[in-house]
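Taking it in order: structure first as structure tokens, then the write-up.
The values are calculated or read from the model by the stated rules, or taken from the named source; none is laboratory data. If you're wondering where the values come from, they're calculated on a predicted model, not measured in any experiment. Cβ placement follows ideal geometry from the backbone for every residue including glycine, while neighbour counts extend to all protein chains displayed.
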Amino acid sequence: MIAASLLASALRSELGCSSLCVPGRYLRRGLQGVAVDALIGRLSVARERCAGRMIIDAPIPVIVPARDGASEADCMIVEGPGDLDVESLRNAMPRSPLFIIDLSLWDKHSEVEKKELVEQVISSINYVREYLWDGNLLVSSAPGGFMELFNRYAPDMRHMVRITSNPPLQFMKGARSAVLDPYGDAVSEEELKGVDVFLVGGIVDKERKVSNETFSLYRSLGLDNYGVPRYKLTLWGSRVGVPDRINKIVKILLDAVVGGRGLDDAILAAQSNKDRLQRLVHELQVRGRIINVNGERRLAINENELKDIISRLGINDKVLRRATRGIKLLVENE
């Protein structure tokens, strides 16, 4: 992805590398993962030659060391200091989009929800790394309790995510910013691509019944004074079945804004089984109708409509049976 492409460019222009030797243990996340590891200082590149097998040809040929390999690399991934100018590579990385997870409402969460919130932040880091790197994620209004849990659940996680106790306004003023809010205005792909800074509320309501907390966060941060728009993600005009976990929201935005994926496709790809089931029930209710057949309630739906729902949501018969467990389905032919 972006980090991998910029690493390849830096290797060619700064070190004169024509190919890169990478031990297989560093390639679990592909060349993008290697690039992120270089950006956060875990790995570097040295001008060393090695022979092996070529397994990646672009954006730069990657060779895995092997005794019987027929390919040769003139640069090699190493641990510790190397010849790569890491600061130059970091400066070359795009500053936007920047994702901010704000934890102003941390103390309102239960202990179970706090744990879940930390896990979603950790997952968000991994999603950002699929395209960009840690510099594109910021955690604001972070209390000491968050860091304590973060270090407990990810004690060996090396990262360069900015985690600050300061509010996020300083990072949003003067930038094209937006807040993701399930009660905001529906947003188009074009509008999303025009945003440089996305703020996602650090909110988990696993054990609490809450509503409009993102709007409360929005006002408490003073973002209404600056006219920062509030956007909601929708799938085919409705937010039913749209993932609401912080990490999934970040993934959707990355896929749509950075990866060039259509917004609907990005949402569908991020759906959990629960999300998909909720949307299936919604679609059946909207497109079908309840009828009475010999005193029995049936959900009638046109065959082509049902096929369209199944195709677009990518569901199987098992999920369909779960969605219609409480009522018999009657498929009508035209």
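The residues listed here are D196, D224, D181; of these, the one that is over 28 Å from G262 (Cβ atoms) and in the same structural domain as H109 (by TED's automatic domain parsing) is D224. For the range 1-16, a residue qualifies if it is touching a helix residue (DSSP H, G or I) at 6+ places or on another chain (Cβ under 7 Å) and under 16 Å from L27 (Cβ atoms), and the qualifying residues are M1, A3, A4, L7. Restricting the search to helices (runs of 4 or more DSSP H) fully inside the range 232-334 and requiring at least 1 residues that are surrounded by fewer than 17 Cβ atoms within 10 Å (Cβ to Cβ) gives 263-270, 273-287, 303-313, 317-323. Can you confirm whether the range 107-115 contains a residue that is assigned to a loop (DSSP other than H, G, I, E, B), over 21 Å from the mean Cα position of the chain (by Cα) and surrounded by 17 or more Cβ atoms within 10 Å (Cβ to Cβ)? Yes, the range 107-115 contains at least one residue that is assigned to a loop (DSSP other than H, G, I, E, B), over 21 Å from the mean Cα position of the chain (by Cα) and surrounded by 17 or more Cβ atoms within 10 Å (Cβ to Cβ). Remark: pairs (first residue in the range 145-172, free of Cβ contacts under 8 Å to residues at least 24 places away in the same chain; second residue surrounded by fewer than 16 Cβ atoms within 10 Å (Cβ to Cβ); Cβ separation under 9 Å; 6+ apart in sequence or on different chains) = N151/M157.
Look at S104 and say whether it is surrounded by 15 or more Cβ atoms within 10 Å (Cβ to Cβ), modelled with pLDDT of 95 or more and among the small types (G, A, S).
In short, yes.
Return a yes/no flag: does the range 107-120 have any residue that is touching a residue at least 60 places away in the same chain (Cβ under 8 Å) and among the aliphatic types (A, V, I, L, M). Yes, because at least one residue in the range 107-120 is touching a residue at least 60 places away in the same chain (Cβ under 8 Å) and among the aliphatic types (A, V, I, L, M).
Anything in the range 58-77 that is out of contact with any Pro (no Cβ under 9 Å at 6 or more places or on another chain) and over 30 Å from L253 (Cβ atoms)? List them, or say none. Residues satisfying the conditions are P61, I63, A66, R67, D68, G69, A70, E72, D74, C75.
With the structure loaded, tell me whether I63 is in a strand (DSSP E or B) and β-branched (V, I, T) or whether it fails that test. Yes: the conditions hold for I63. When S124 is tested against (1) more than 21 Å from G30 (Cα to Cα); (2) crowded, with 16+ Cβ neighbours inside 10 Å; (3) among the hydroxyl-bearing types (S, T, Y), just one condition goes unmet, and that condition is (1).
Summed over the range 69-96, the residues that are touching a Lys or Arg at 6+ places or on another chain (Cβ under 8 Å), part of a loop (DSSP other than H, G, I, E, B) and loosely packed, with under 15 Cβ neighbours inside 10 Å give a count of 1.
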